[in-house]
Amino acid sequence: MDITPQYTFIPLADKNYLGINDKTTENLLCKWGLKGNIVIQHFTFNESFHSYHKYQLADAFFKSNVVAKNLLTKAGNSWIKQGITASTVDVEQIPCSVVNMSFFDKLKNPHNEIIHNSGIIRKRYDTKINDFLVSDKLREMLLDEESLSYCLYAENERKEFIFCILQILVLGGILCQYEDTLEPYLNTTKCIYKDLIRVQKQKHLDDVSVCTSVLKVIAKDDRNQAYFPNNPCNVQNVGFLLIDGDLREITTFLHQFGGYCA
């Protein structure tokens, strides 16, 4: 008989990420209007974790009084502990299988017309899509479903956690200064991804695999209002749970679209 574990959670201290807390990364996040709009927190849980319990774990996490007292969510321009326990939790498993940056080689190939041979991102006529200004081929690839560029990555590839990170960086916040080349976006994506996921070597093989499970979540209060994240209709308002079953740790990654930078 399968008995769902009764999870309890304990908040952990902030981690000193080598990539995310690097000065270059922080300066770029500020340039793109993202600094101050991303919060990462850490919790440990008591029971052993099996992948088939991921939805129950996410539900228990957001309904935990301990988590509610410690979880930071956005209220205006401030991150505060609102003490909300969830009424409902919508969960989507996000693939997280990429182990090297060759995943983005299609963007770097000039034949795919995202960049010129010089490495400069190709421009296009300005248009608004989902309230975002699309003025180059990179943002077209992310947002314009009717373009050939959008089809460069299959639907399952676009759901990969590393692709989600890239999209957050490229679209940026309200006060976003866009890049002319791919490299700052790709380098920062690599830094964040490498800090947040854990990989391990497979037994008797030289290959490595990701051992972090990623869930995209929308937690709602008793009024059916989403708070993790707020206003999830905006593509840039996203919240993730990263679960490391071996270490019994949960990392929350939350981005709220805004213009704050400090």
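The values are calculated or read from the model by the stated rules, or taken from the named source; none is laboratory data. Computed from a predicted structure; not experimentally measured. Cβ: placed from backbone, ideal geometry, glycine included. Neighbour counts: every protein chain shown. Ligands, DNA and RNA are stripped out before the accessible areas are found, and what is left, the full protein with its side chains, is counted by its heavy atoms. Shrake-Rupley method; radii C 1.70, N 1.55, O 1.52, S 1.80 Å.
Some points to look at:
- Among the conditions (1) buried (at least 18 other Cβ atoms within 10 Å of the Cβ); (2) modelled with pLDDT of 95 or more, residue 49 misses just one, which is (2).
- Residue selected from region 72-93 under the condition among the hydrophobic types (A, V, I, L, M, F, W, C) and over 18 Å from the mean Cα position of the chain (by Cα), by the criterion nearest to residue 54 (Cα to Cα): 86
- Identity of the residue in region 61-71, open to solvent by less than 40 Å² (accessible area, probe 1.4 Å) and not in a helix (DSSP H, G or I), that ends up farthest from residue 163 (Cα to Cα): 64
- Against the conditions (1) farther than 30 Å from residue 70 by Cα; (2) modelled with pLDDT of 95 or more, residue 148 satisfies every one except (2).
- Checked against (1) in a strand (DSSP E or B); (2) within 20 Å of the chain's Cα centre (by Cα), residue 164 passes all but condition (1).
- Test result for residue 22, open to solvent by 70 Å² or more (accessible area, probe 1.4 Å), of a type in the set (D, E, K, R), farther than 21 Å from residue 86 by Cα and under 20 Å from the mean Cα position of the chain (by Cα): no
- Test result for residue 134, assigned to a helix (DSSP H, G or I) and open to solvent by less than 10 Å² (accessible area, probe 1.4 Å): no
- If you go through region 82-102 and pick out every residue that is open to solvent by 30 Å² or more (accessible area, probe 1.4 Å) and either touching a residue at least 24 places away in the same chain (Cβ under 8 Å) or closer than 20 Å to residue 229 by Cα (or both), you end up with 14.
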